[in-house]
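Asker: Here it is, the structure in full.
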Amino acid sequence: MAHQSDMIRSDIYAYLKSQEEKGMLRFITCGSVDDGKSTLIGRLLWDSKMIFEDQLAALEADSKRIGTQSGAIDYALLLDGLQAEREQGITIDVAYRYFSTDKRKFIVADTPGHEQYTRNMVTGASTASVAVILIDARKGVLTQTRRHSFLVSLVGIRHVVLAINKMDLVEYTASRFHAIREEYEAFAKELSFSEVVAIPISALQGDNVLLHSDSMPWYHGPTLMEYLETIDVCDESVSKPFRMPIQWVSRPNLDFRGFCGTIASGSIRPGDQVVVAGSGITSKVARIVTMGSDLEHGQAGQSITLTMEDEIDISRGDLLSDPQSRPNCADQFEAHIVWMHEEPLLPGRSYLLKNGTSTLQVQVSSLKHKINVNTLQREPGKTLALNEIGVCNLALAKPIAVDPYRENRATGSFILIDRLTYATVGAGMIDFALRRATNIHWHQSQVSPKVRAGLKDQHPCVIWLTGLSGSGKSTIASALEQRLCEMGKHTMLLDGDNIRHGLNKDLGFTDVDRVENIRRIGEVAKLMVDAGLIVIAAFISPYRAEREMVRGLLSDESFFEIYVNTPLQECERRDAKGLYKKARSGQLPNFTGISSPYEEPTVPALRIDTSKTGVDQAVCLITDLCIKH
Amino acid sequence: MYLPMTHLRQLEAESIHIFREVAAEFENPVMLYSIGKDSSVMLRLALKAFYPAKPPFPLMHIDTTWKFKEMITFRDQMAAEYGFDLLVHTNQEGVSQGINPFEHGSALYTDIMKTEGLKQGLDKYKFDAAFGGARRDEEKSRAKERIFSFRSEQHRWDPKNQRPELWNLYNTRIRQGESIRVFPISNWTELDIWQYIHLEQIPIVPLYYAKERPVVERDGMLILLDDDRMELKQGEQVQMKSVRFRTLGCYPLTGAVESTAATLPEIIQEMLLTKTSERQGRLIDHDQAGSMEKKKQEGYF
């Protein structure tokens with residue numbers, strides 16, 4: 001490495017001083033395998049002297065062994081990180097590269113142009129402020145150029161460099177460059193960029209990458225590096241209203257109560273008014289504490305600790321905001337969601353949503369439409385598969401404070417987490433809060449669930465029987481209800497078939513409909529528990545996530561999951577409704593146990609195998625558990 | 001209205017954010033302390049993240065018993081000075097089997113004393129999150145490592161099954177027995193580390209500074225004669241040379257470089273003018289192509 005080598009050699013102190021003032025820029029490069037993206041990044045690393053001699057030696061050896069440049073240096077090999085990819089010649093993920101010049105440190109998100117492109121590009125773009133979109137000068141604006149541009153715009157990047165590459169292969173002609181630029185600019189009008197700068201380059205030859213090209217005297221704009229070194233992106237978040245999600249409350253002793261967080265947008269000074277969005281409590285900032293000394297002001301991007309003038313209740317998950325410009329508090333909103341997992345998004349299923357520093361339960365209440373990333377057209381759909389993008393309405397378990405993503409990337413973004421596997425399954429960008437949430441107020445009845453239960457002299461609960469078709473759920477449920485009635489209990493039996501004839505007659509047996517089926521039943525069961533009843537629910541309910549969702553609606557002591565685990569062969573032998581026969585012959589698609597999965601409960605309150613346990617005994621076991629409880 | 005933040009302050013803020021996020025969302029985090037310069041930076045960042053409180057987690061050092069003596073002295077000094085709880089774990093089975101870097105080769109030795117020792121230490125205290133000081137610029141396989149790196153119950157890393165990381169929203173959920181390795185200085189480069197040490201005047205182990213030291217040339221590396229467990233092979237001679245170390249680890253596996261850089265600016269000057277990358281001084285990476293990736297899958301940091 002040898003930037004500014006003269007200064008490093010002669011006056012290292014002066015050099016270090018100058019380096020301390022250096023800024024930082026994060027950008028993403030987009031393009032497909034053949035656009036020369038890896039070559040461009042390799043070139044940037046190379047020209048900024050970030051490649052060491054031992055790395056160069058390894059690169060030369062690798063280039064000969066597995067390179068694609070017939071033995072010449074293959075810059076792409078510098079970038080392929082994982083062995084599997086090196087061997088298969090593919091990049092499967094986002095990789096981060098670092099290089100630095102005298103003016104700036106750069107972090108490059110390098111994402112593949114083909115496979116999993118949506119997931120990876122959105123991931124890489126989420127932290128970038130500039131996108132470099134590569135175009136092969138011979139090919140011009142392609143479908144994938146549009147797709148990459150759309151994704152970059154979706155993730156809120158405002159500054160785009162259109163790097164028209166391989167100019168050496170079109171004889172460095174100005175007309176070719178201008179034609180591509182004009183075509184792109186016409187298309188990009190529909191997207192929300194504030195700036196598109198087109199630069200003619202040759203990554204392989206180094207034209208207009210660092211230095212101006214002698215081959216293109218007609219081009220008078222900046223080189224790629226000049227642009228990246230000077231583009232101003234810092235204002236964007238600093239000029240916005242103050243927002244700081246509280247990460248951690250620091251209480252080292254009784255005299256100190258500090259609220260730690262990273263300023264998401266805007267700035268703050270001691271004496272400024274702040275409001276806890278949501279609760280509406282306001283106070284004034286007393287100090288901005290950091291190790292070493294207190295600060296006079298803090299700004300977006302800084303991780304700080306605030307103390308307040310008043311003793312107010314603030315905890316992790318709260319959003320400190322500018323009282324003059326408050327975020328939206330809502331429990332329903334519309335958002336763009338990018339799906340990132342092999343298991344599709346199912347509307348109605350409950351997920352965890354993390355926004356800022358708060359994590360809470362959420363359901364996608366409806367998928368309004370999908371967006372085809374190649375045509376940018378809206379398409380109807382019931383689910384989102386991996387790499388698909390949809391516009392959805394979401395309903396949260398309780399209100400949170402958010403901003404639209406286009407106004408604030410930090411407070412308008414969220415991730416979705418699967419409640420069982422804890423995988424990160426989706427990324428979301430909030431469009432706007434839905435007003436219906438704020439206008440519907442929960443009606444507080446004078447008579448509480450406790451009073452209703454007391455009148456009936458019973459502990460209301462849901463006894464949830466799950467298991468395969470023909471396992472004996474309905475038989476047990478019916479005998480159980482009879483037994484409870486004899487005991488003087490007030491009950492209600494909800495049975496799969498009966499519900500499907502009424503409340504849920506619009507639903508079929510696809511994954512999406514099964515989720516919605518159980519969601520509705522769960523809500524009905526909860527209302528009945530509030531009414532003071534003992535609810536017996538007998539449903540196949542094959543998915544763990546939905547049973548957990550119902551459990552989540554109720555308190556721990558009022559939900560009992562009973563797993564009727566009669567073996568499949570026995571259920572199939574009984575085949576009271578002839579369904580297994582139909583399913584086996586292919587007449588009945590999506591049949592649980594045959595062509596659709598059943599996910600066993602992990603810790604049911606009881607397991608009952610009706611091939612070993614009689615109905616009377618099963619009823620005794622359940623009443624012992626739930627009623628004498 | 002305000003000046004843009006410098007690159008070091010941006011990196012610092014990001015690291016602090018990560019430290020706080022882990023402290024808030026995990027029950028039992030620990031910081032792995034390897035005593036090197038990256039650990040020194042990590043220590044400073046952890047102190048800053050929670051000031052004026054103490055960081056709410058202990059330090060753990062996996063002691064292979066082959067670390068440089070000066071490292072151990074420095075480690076104990078730091079823990080005492082900043083009031084950290086320091087846990088030291090050694091793979092006692094490895095010790096009783098007499099595993100050492102001279103006779104067993106770097107691969108087996110590293111696996112038993114470092115990787116196994118680390119797993120034992122994490123299991124012993126049931127830590128659910130462990131901070132490490134790895135950086136993405138160190139090695140190619142690390143460029144794709146997440147900041148929150150998910151590990152199975154067996155501590156394995158599956159490069160194909162990692163969680164996407166978007167914005168600064170880290171998914172911290174894990175199931176019983178699973179854990180997360182967290183790398184708060186992922187986005188720092190070696191140069192950033194040195195510049196930050198200079199800017200903040202952070203103490204580092206004196207072995208980083210050049211001094212006359214007794215060394216032996218072996219397998220093309222200069223090995224410091226740190227104690228009498230190192231036996232000289234035929235033809236080897238102890239020489240006094242002005243050397244320093246660019247990375248620190250187990251002394252028999254860590255090559256010194258000849259240098260006269262005795263101050264921090266001189267070290268940085270030397271680094272900037274030098275022509276070989278940092279991990280060159282470590283034996284374990286050269287064993288086979290993709291060796292770091294394999295080690296990571298097995299649970300090495």
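The values are calculated or read from the model by the stated rules, or taken from the named source; none is laboratory data. Values in this document were obtained by computation on a predicted structure and should not be read as measured data. With ideal geometry, Cβ positions are generated from the backbone for all residues, glycine too; neighbour counts draw on all protein chains shown. Only protein heavy atoms, including side chains, enter the accessible area calculation; ligands, DNA and RNA are left aside. Shrake-Rupley method; radii C 1.70, N 1.55, O 1.52, S 1.80 Å.
Asker: Give, as a single signed number, the net charge of other residues whose beta carbon lies under 13 Å from the beta carbon of A:Ala125, with Lys and Arg counted +1 and Asp and Glu -1.
Answerer: +3
Asker: How far is helix A:511-530 tilted, in degrees, relative to the longest principal axis of the Cα atoms in chain A, given as a value from 0 to 90 rounded to the nearest 10?
Answerer: Orientation of helix A:511-530: about 50 degrees from the principal axis.
Asker: Can you return the lysines within cross-link range of A:Lys398? Criterion is Cα-Cα under 23 Å, with same-chain partners fewer than 8 residues away left out.
Answerer: A:Lys354, A:Lys368, A:Lys450, A:Lys526
Asker: Ignoring ligands, DNA and RNA, please state the percent of accessible area on the protein assembly as shown from carbon and sulfur, probe 1.4 Å.
Answerer: Summing carbon and sulfur atoms, their accessible area is 49 percent of the total for the protein assembly as shown.
Asker: Enumerate by residue number the trypsin sites (Lys or Arg not before Pro) in the range A:167-230 meeting two conditions: DSSP loop (anything except H, G, I, E, B), and at most 11 other Cβ atoms within 10 Å of the site's Cβ.
Answerer: Counting only loop positions with at most 11 other Cβ atoms within 10 Å, the trypsin sites (Lys or Arg not before Pro) in the range A:167-230 are A:Lys189.
Asker: Test of the criteria: in the range B:1-63, which GluC sites (Glu not before Pro) are in a DSSP loop and have at most 14 other Cβ atoms within 10 angstrom of their Cβ?
Answerer: B:Glu27
Asker: Loop by DSSP (not H, G, I, E, B), at most 14 other beta-carbon atoms within 10 Å: where is the longest site-free stretch of chain B for trypsin sites (Lys or Arg not before Pro)?
Answerer: The longest such stretch corresponds to B:1-125.
Asker: Just the ratio, please: alpha-carbon radius of gyration of the range A:335-433 over 2.2 N^0.38 Å, N its number of residues.
Answerer: It is 1.00.
Asker: How far, in degrees from 0 to 90, does helix B:37-50 lean away from the longest principal axis of the Cα atoms of chain B, to the nearest 10?
Answerer: 30 degrees
Asker: Of the residues B:Pro252, B:Pro164, B:Pro101, which exhibits the maximal mean-square fluctuation in a Gaussian network model of chain B defined by a 10 Å Cα contact cut-off?
Answerer: Residue with maximal mean-square fluctuation among B:Pro252, B:Pro164, B:Pro101: B:Pro164.
Asker: Something else about it: Within chain A, which is the longest segment that contains none of the chymotrypsin sites (Phe, Trp or Tyr not before Pro) sitting in a DSSP loop with at most 13 other Cβ atoms within 10 Å?
Answerer: For chymotrypsin sites (Phe, Trp or Tyr not before Pro) (loop position, at most 13 other Cβ atoms within 10 Å), the longest site-free span of chain A is A:219-441.
Asker: To the nearest 0.05, how large is the calculated FRET efficiency for B:Arg218 and A:Ser293 if R₀ is 45 Å and r is the Cβ-Cβ distance?
Answerer: Calculated value: 0.35.
Asker: Once you have the Kirkwood Rh of the range A:449-626 from its Cα pairs, apply Stokes-Einstein at 20 °C and 1.002 mPa s and quote D in µm²/s.
Answerer: Rounded to a whole number, D works out at 130 µm²/s.
Asker: In addition: Could you tell me which GluC sites (Glu not before Pro) in the range A:111-213 are loop residues by DSSP with no more than 13 other beta carbons within 10 angstrom of their beta carbon?
Answerer: Counting only loop positions with at most 13 other Cβ atoms within 10 Å, the GluC sites (Glu not before Pro) in the range A:111-213 are A:Glu115, A:Glu171, A:Glu190.
Asker: Could you estimate the translational diffusion coefficient of chain B from the Stokes-Einstein equation, with Rh from the Kirkwood formula over C-alpha pairs, at 25 °C and 0.890 mPa s, in whole µm²/s?
Answerer: 122 µm²/s
Asker: What does the charge count near B:Thr260 come to, summing +1 for each Lys or Arg and -1 for each Asp or Glu among other residues with Cβ under 15 Å from its Cβ?
Answerer: Taking every other residue near B:Thr260 into account, the sum is +2.
Asker: If one takes the longest principal axis of the Cα atoms in chain B, at what angle in degrees, from 0 to 90 and to the nearest 10, does the Cα axis of helix B:190-200 lie?
Answerer: 80 degrees
Asker: What Kirkwood radius, in Å to one decimal, follows from the Cα pairs of the protein assembly as shown?
Answerer: This gives a value of 30.9 Å.
Asker: When ligands, DNA and RNA are left out and all protein chains stay put, how many square angstrom of accessible area per residue does chain A have with a 1.4 Å probe?
Answerer: Averaged over the residues of chain A, the accessible area is 42 Å².
Asker: Excluding ligands, DNA and RNA, what is the accessible area buried between chains B and A, summed over both sides, using a 1.4 Å probe, to the nearest 100 Å²?
Answerer: Summing both sides, the interface buries roughly 7100 Å².
Asker: Residues of the range A:232-270 with the amide nitrogen closer than 17 Å to a label point 7 Å from the Cα of A:Lys284, along Cα-to-Cβ, please.
Answerer: A:268-270
Asker: Provide, as a two-decimal number, the C-alpha radius of gyration of the range A:360-399 over 2.2 N^0.38 Å, N being how many residues it has.
Answerer: The reported ratio for this selection is 1.31.
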